[in-house]
Amino acid sequence: MPQEQYPHRSTMQTSEGPQVYKVGIYGWRKRCLYFFVLLLMILILVNLAMTIWILKVMNFTIDGMGNLRITEKGLKLEGDSEFLKPLYAKEIRSRPGNPLYFQSARNVTVNILNEKTKVLTRLVTGPQAVEAHSQKFEVKTLSGKLLFSADDNEVVVGAERLRVLGAEGTVFPKSIETPNVRADPFKELRLESPTRTLVMEAPKGIEINAEAGSLKATCRTELRLESKDGEITLNSAKIKLPNLPQGSSSSAGSRQKIYELCVCPNGRLFLSQAGSSSTCQINTSVCL
C-alpha cells in the first residue's frame, strides 16, 4: 500500500517519540510469587531442622546408627535390641566378659536346618519346660568327658557318682543293671519294694557288704535264702536267732539255760533243752 495514503500515522510517531514497553510481573502476581518463595524457604529450613533432629536422636554416625555399629568383623549392638522379623547371622556373641541374654515373652526356639530347610535339631525353652528334639542328646565337660547321653536305645550317665536328692528315692518301673550300688559315707542304703517283690540276680554272685555298720533285711511274710547248686555260709563270730520257739521237755524242774538247736523235716528251727544226749526227738511237737 503506498505510504502517501497514511500521512497522519507517520506524523503521530514523530511528534510523540518512541514508546517503551515494561517486561515483568507486577501487582498481586508479584506479591504471590514472593509469598511462595518465602514459604518454600521456610519449608526447606523446617525439613533441614527435622533431618538434623532425627540424625541426632537416632545417633547416626559414619560408623552406624543408634546401638548398631559397623565394624570390620561385622555388626556390633550395644544395649538391648529387639528384632521384629527373623534374624539371619553366622555367629552371635557377646562382648568379652559380658553375658549374652535371649529374652522372649513366650519361648525361645533354636532350630538347626539342613540344606533342604528341614529341621534336624530343635531346642525350645518355654514357660513350662525346656524341650530338646534331636537324634541324640549329650552333656560333656570342658575336657570332653561324657556326663550324660540319651538316644532311642539307651541313657548313659558317665559321671563318677549319680546322686538322687529326692526324699522318696529313685523309682525304677522295670529292671536296673549296675555293677555297684552304694550310699554316701555315713548314710544308710535302703532297697525297698513297698507293694511288689525285690529280686536281685547276678550270673557270678551277689555280694552285700557293710564295712562300717550293720546289715538288715526285713520282710512281712517270708525271707528265703536259697542256693540251687552251692551252699549258704554264715561266717560270723556270733549267730543269734532270738525268736526261735522252744520245745517242751518231759523232765520237770530243769532250769538250765543250755539249749540244743533242732531242725524239723520241713526246715523249721527250734530250741530244745540240752541233755546228755540229743533231745530233739522229744520235742517233735513243735514241728507239727
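The values are calculated or read from the model by the stated rules, or taken from the named source; none is laboratory data. A quick note: this is a predicted structure, and the numbers were derived from the prediction, not measured. Glycine also receives a Cβ, built like all others from the backbone with ideal geometry; neighbour counts cover every protein chain displayed. To get the accessible areas, we keep the full protein, side chains included, count just its heavy atoms, and leave off ligands, DNA and RNA. Shrake-Rupley method; radii C 1.70, N 1.55, O 1.52, S 1.80 Å.
Quick one: in the stretch 54-113, of everything that is among the polar types (S, T, N, Q) and closer than 23 Å to residue 130 by Cβ, which residue is most open to solvent (accessible area, probe 1.4 Å)?
Here is the first cut: in the stretch 54-113, the ones among the polar types (S, T, N, Q) are 59, 61, 67, 71, 81, 94, 98, 103-104, 107, 109, 111.
Within this subset, residues satisfying the condition of being closer than 23 Å to residue 130 by Cβ are 94, 103-104, 107, 109, 111.
Working: 94: 45, 103: 181, 104: 63, 107: 72, 109: 69, 111: 72 Å².
Per the criteria, the residue is 103.
For residue 190, only one of the following conditions fails: (1) under 31 Å from the mean Cα position of the chain (by Cα); (2) surrounded by 10 or more Cβ atoms within 10 Å (Cβ to Cβ). What is its number?
Residue 190 satisfies every listed condition except (2).
Six or more apart or on different chains, Cβ atoms under 6 Å: show the pairs whose first residue is in the stretch 238-258 and open to solvent by 100 Å² or more (accessible area, probe 1.4 Å) and whose second is modelled with pLDDT of 65 or more and outside any loop (DSSP other than H, G, I, E, B).
Sorted first by the residue in the stretch 238-258, then by its partner, the pairs are 246/271.
Within the stretch 131-143, does at least one residue satisfy the condition of being touching a residue at least 12 places away in the same chain (Cβ under 8 Å) and either open to solvent by 100 Å² or more (accessible area, probe 1.4 Å) or out of contact with any strand residue (DSSP E or B) (no Cβ under 8 Å at 6 or more places or on another chain) (or both)?
yes
In the stretch 210-232, how many are open to solvent by 100 Å² or more (accessible area, probe 1.4 Å) and either closer than 26 Å to residue 269 by Cα or small (Gly, Ala, Ser) (or both)? Break it down stepwise before answering.
Going through the stretch 210-232, the residues open to solvent by 100 Å² or more (accessible area, probe 1.4 Å) turn out to be 211-212, 214-216, 218, 220-226, 228-229, 231.
In the following step, the residues that additionally are either closer than 26 Å to residue 269 by Cα or small (Gly, Ala, Ser) (or both) were identified as 212, 214-216, 218, 220-226, 228-229, 231.
Count: 15.
May I ask you to say which residue of 106, 93, 122 is more than 30 Å from residue 152 (Cβ to Cβ), within 32 Å of the chain's Cα centre (by Cα) and without any contact (Cβ under 8 Å) to a residue 24 or more places away in the chain?
Numbers: 106 fails: more than 30 Å from residue 152 (Cβ to Cβ); 122 fails: more than 30 Å from residue 152 (Cβ to Cβ).
The unique qualifying residue is 93.
Anything in the stretch 114-130 that is of a type in the set (Ser, Thr, Tyr) and open to solvent by 80 Å² or more (accessible area, probe 1.4 Å)? List them, or say none. Reasoning before the result, please.
So in the stretch 114-130, the residues of a type in the set (Ser, Thr, Tyr) come out as 117, 121, 125.
Answer for the stretch 114-130, where residues must be of a type in the set (Ser, Thr, Tyr) and open to solvent by 80 Å² or more (accessible area, probe 1.4 Å): just 117.
What number of residues within the stretch 242-257 satisfy the criterion of being at pLDDT 80 or above and of a type in the set (A, V, I, L, M)?
1
Any residue at all in the stretch 153-169 that's assigned to a loop (DSSP other than H, G, I, E, B), farther than 26 Å from residue 208 by Cα, open to solvent by less than 80 Å² (accessible area, probe 1.4 Å) and of a type in the set (D, E, K, R)? It would help to see each step written out before you state the result.
Of all residues in the stretch 153-169, those assigned to a loop (DSSP other than H, G, I, E, B) come to 153-154, 158-169.
From what's left, farther than 26 Å from residue 208 by Cα: 153-154.
Still in the list and also open to solvent by less than 80 Å² (accessible area, probe 1.4 Å): none.
Taking every residue of the stretch 153-169 in turn, none turns out to be assigned to a loop (DSSP other than H, G, I, E, B), farther than 26 Å from residue 208 by Cα, open to solvent by less than 80 Å² (accessible area, probe 1.4 Å) and of a type in the set (D, E, K, R).
Can you pull out every residue in the stretch 57-100 that is of a type in the set (Val, Ile, Thr) and outside any strand (DSSP E or B)? Outline the logic, then answer.
In the first step, residues of the stretch 57-100 are kept if they are of a type in the set (Val, Ile, Thr); the result is 57, 61-62, 70-71, 92.
Residues satisfying the conditions are 57, 62, 92.
What are the residues in the stretch 170-187 that are of a type in the set (A, V, I, L, M, F, W, C) and either on the phi < 0 side of the Ramachandran plot or surrounded by 10 or more Cβ atoms within 10 Å (Cβ to Cβ) (or both), if any? Please lay out each step first, then the result.
Initial filter on the stretch 170-187 (of a type in the set (A, V, I, L, M, F, W, C)): 171-172, 176, 181, 183, 186.
If the condition is that a residue be of a type in the set (A, V, I, L, M, F, W, C) and either on the phi < 0 side of the Ramachandran plot or surrounded by 10 or more Cβ atoms within 10 Å (Cβ to Cβ) (or both), then 171, 172, 176, 181, 183 are the ones that fit.
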